[in-house]
Amino acid sequence: MAGLRLGLSLLAVALVCGATAQRPASPPRMVGAPVTIDNAENDEGLQQALRFAMEKYNEASNDLYSSRVVRVISAKKQIVAGVKYIMEVEIARTTCEKPAADPQNCAFPDSPQLSQHTVCKFVVYVVPWLGKTELLQRECK
């Protein structure tokens, strides 16, 4: 009887150790959780969402000049019933008066007095199979 208990105890310890050894080093990602986009310049979906956000920003802005993205500070993508892009970007005023056909081709002013830099957080929701794109959040400081 004692031998059986010892055998069962050793088996239990072996199972616990084996289960512990099988755990991944980092916690598993939750399905549907936002995922960091490491290479923002090469993510076509993000770039389209960013162009859309900047178009809406320029439409709503009272500035005489169009603004465009200087750099992407951070970007995430979340798969929901579509794709939600969460972006923090630095934007600046350009030399092109509104409405500029393509603000991406507009230069930034040389003069520091005319250069206005702002950091914005945009959240864009895209449902490609419905042709739907919506700006959910625009927060600029």
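The amide H of Gln116, built 1.01 Å from its N in the peptide plane, has Arg93 as neighbours under 5 Å, considering only residues 5 or more places off or on other chains.
At a probe radius of 1.4 angstrom, the accessible area of the range 61-102 per residue rounds to 51 square angstrom. For the range 80-138, the Cα-based Rg and Dmax, in that order, read 15.0, 45 Å. Residue by residue, the range 48-56 carries 3J(HN,Hα) couplings of 5, 5, 5, 4, 4, 4, 5, 4, 5 Hz when phi is fed to the Karplus relation 6.51 cos²θ - 1.76 cosθ + 1.60 (θ = phi - 60°); x denotes Gly or Pro. Length gained on full extension, Asp63 to Glu97, computed as 0.36 nm times the residue gap minus the Cα-Cα distance: 11.4 nm. For the range 40-141, what does the alpha-carbon gyration tensor say about shape, rounded, prolate or oblate, given a ≥ b ≥ c as the root eigenvalues, a/c under 1.5 as rounded, and a/b over b/c as prolate? It comes out prolate by the Cα gyration axes.
The values are calculated or read from the model by the stated rules, or taken from the named source; none is laboratory data. Values in this document were obtained by computation on a predicted structure and should not be read as measured data. Please note that ligands, DNA and RNA were not included when accessible areas were found on the heavy atoms of the full protein model with its side chains. Shrake-Rupley method; radii C 1.70, N 1.55, O 1.52, S 1.80 Å.
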